[in-house]
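Written below as structure tokens is the structure these notes are about.
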Amino acid sequence: EHPEFIVNVKETGRILLVNYADIENLSITTLNSARFLHDGGWDSTHRYFMTAANQSNKIAVVDSKERKMVQLVDAEKIPHPGRGANFTHPKFGPVWATGHLGADVVTLISTASDDKKNAKYKEYNWKVVQEIKHVPGNLFVKTHPKSKHLWADSAQNSDKDLAESVSVWDMADLSKPKAVLNVAKDSGMPAAKATKRAVHPEYSADGKEVWISLWGGKADQSAIVVYDDATLTVKKVITDPKMITPTGKFN
């Protein structure tokens, strides 16, 4: 909306809008939010920036067009959205999703905003409209405009099987996961006592594949496991001795 960086100054709970129209004379607008700011991403319109205040259990919503705070939405314990996940809910319209490190749900927040085409959903705007049953320890949720699936990891869960797995929902039925995939077992790599944490599902640009990082322990090989989004089967396991706990994968 403007030539600006949006900067989370994490420990302060403040968000800076850094305007670089004049690169020699930056102007900075400070927005008061909540502590401690962490991951965040855009809503589907790319107007609103939504970011976790993870020790305040809130999601801060910034209007990048009007350059102001819009809302602090109550979430559950330690929200951790990554960039979050945008999709159209069959009942509530456009929503943005976040998982949590300390709670067993994925929270869906309405992003109907003031878009005329979403007028019938306006009553839900910036409200929590649904909590999908998951497990604690989630770091990233992902979907894609051409997919019918929502993926969520549970990499920081204390249970080995859960930490090594990801959950997949059909967005037409969010009552329970369509599948829970044990990425460590699906990789075909040697079993290990150490937990091989499955983390950061990321779609290919065309929405046909989901790439998941598999963290090996100190003595174990890490990998990236590529799933076919339509069939939920493994297409490829990418690994190399130089690949050590890969995390974010972006295209």
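The values are calculated or read from the model by the stated rules, or taken from the named source; none is laboratory data. Here the structure is a predicted model, which is why all the values come from computation and not from measurement. Reconstructed Cβ throughout: ideal geometry from the backbone, glycine too, with neighbour counts over all protein chains shown. These accessible areas exclude ligands, DNA and RNA; they are computed on the full protein's heavy atoms, side chains included. Shrake-Rupley method; radii C 1.70, N 1.55, O 1.52, S 1.80 Å.
Do we find a residue being touching a Phe, Trp or Tyr at 6+ places or on another chain (Cβ under 7 Å) and at pLDDT 95 or above anywhere in the stretch 23-31?
Going residue by residue through the stretch 23-31, those that are touching a Phe, Trp or Tyr at 6+ places or on another chain (Cβ under 7 Å) are 26.
Next cut, at pLDDT 95 or above only: 26.
Within the stretch 23-31, one or more residues are touching a Phe, Trp or Tyr at 6+ places or on another chain (Cβ under 7 Å) and at pLDDT 95 or above.
Taking the criterion of being closer than 19 Å to residue 135 by Cβ, under 19 Å from the mean Cα position of the chain (by Cα) and either open to solvent by 20 Å² or more (accessible area, probe 1.4 Å) or without any contact (Cβ under 8 Å) to a residue 12 or more places away in the chain (or both), would at least one residue in the stretch 218-238 satisfy it?
Scanning the stretch 218-238 turns up no residue that is closer than 19 Å to residue 135 by Cβ, under 19 Å from the mean Cα position of the chain (by Cα) and either open to solvent by 20 Å² or more (accessible area, probe 1.4 Å) or without any contact (Cβ under 8 Å) to a residue 12 or more places away in the chain (or both).
Given the conditions (1) polar (S, T, N, Q); (2) buried (at least 18 other Cβ atoms within 10 Å of the Cβ); (3) over 18 Å from residue 229 (Cβ atoms), which single one is not true for residue 130?
Residue 130 satisfies every listed condition except (2).
Could you tell me which residue of the stretch 47-76 is surrounded by the most Cβ atoms within 10 Å (Cβ to Cβ), considering only residues that are under 13 Å from residue 4 (Cβ atoms) and under 18 Å from the mean Cα position of the chain (by Cα)?
Residue satisfying both the conditions and the ranking: 62.
Looking at the stretch 194-208 only, could you name the residues that are within 17 Å of residue 160 (Cα to Cα) and over 17 Å from the mean Cα position of the chain (by Cα)?
Those that are within 17 Å of residue 160 (Cα to Cα) and over 17 Å from the mean Cα position of the chain (by Cα): 194, 195, 196.
Against the conditions (1) part of a loop (DSSP other than H, G, I, E, B); (2) open to solvent by 20 Å² or more (accessible area, probe 1.4 Å), where does residue 82 fall short? Just the number, please.
In the conditions (1) part of a loop (DSSP other than H, G, I, E, B); (2) open to solvent by 20 Å² or more (accessible area, probe 1.4 Å), residue 82 misses (2) alone.
Looking at (1) touching a Ser or Thr at 6+ places or on another chain (Cβ under 8 Å); (2) farther than 21 Å from residue 236 by Cα; (3) open to solvent by less than 20 Å² (accessible area, probe 1.4 Å), can you tell me which one residue 174 breaks?
(1)
Kindly list, by first and then second residue, each pair from a residue in the stretch 90-106 that is in contact (Cβ under 8 Å) with a residue 12 or more places away in the chain and open to solvent by 10 Å² or more (accessible area, probe 1.4 Å) to a residue that is of a type in the set (Gly, Ala, Ser) and not in a strand (DSSP E or B), limited to pairs with Cβ atoms under 7 Å and residues at least 6 apart or on different chains.
90/172; 94/44; 94/112; 101/137
Identify all residues within the stretch 30-46 that are under 20 Å from residue 115 (Cα atoms), open to solvent by less than 50 Å² (accessible area, probe 1.4 Å) and either in contact with a Gly (Cβ under 7 Å, 6 or more places away or on another chain) or of a type in the set (Phe, Trp, Tyr) (or both); write none if there are none.
Passing the criteria: only 41.
Go through (1) hydroxyl-bearing (Ser, Thr, Tyr); (2) on the phi > 0 side of the Ramachandran plot; (3) surrounded by 23 or more Cβ atoms within 10 Å (Cβ to Cβ) for residue 154 and report which single condition fails.
Of (1) hydroxyl-bearing (Ser, Thr, Tyr); (2) on the phi > 0 side of the Ramachandran plot; (3) surrounded by 23 or more Cβ atoms within 10 Å (Cβ to Cβ), only one is false for residue 154: (2).
Looking at residue 125, is it under 26 Å from residue 192 (Cα atoms) and surrounded by 17 or more Cβ atoms within 10 Å (Cβ to Cβ)?
For residue 125, the condition - under 26 Å from residue 192 (Cα atoms) and surrounded by 17 or more Cβ atoms within 10 Å (Cβ to Cβ) - is not met.
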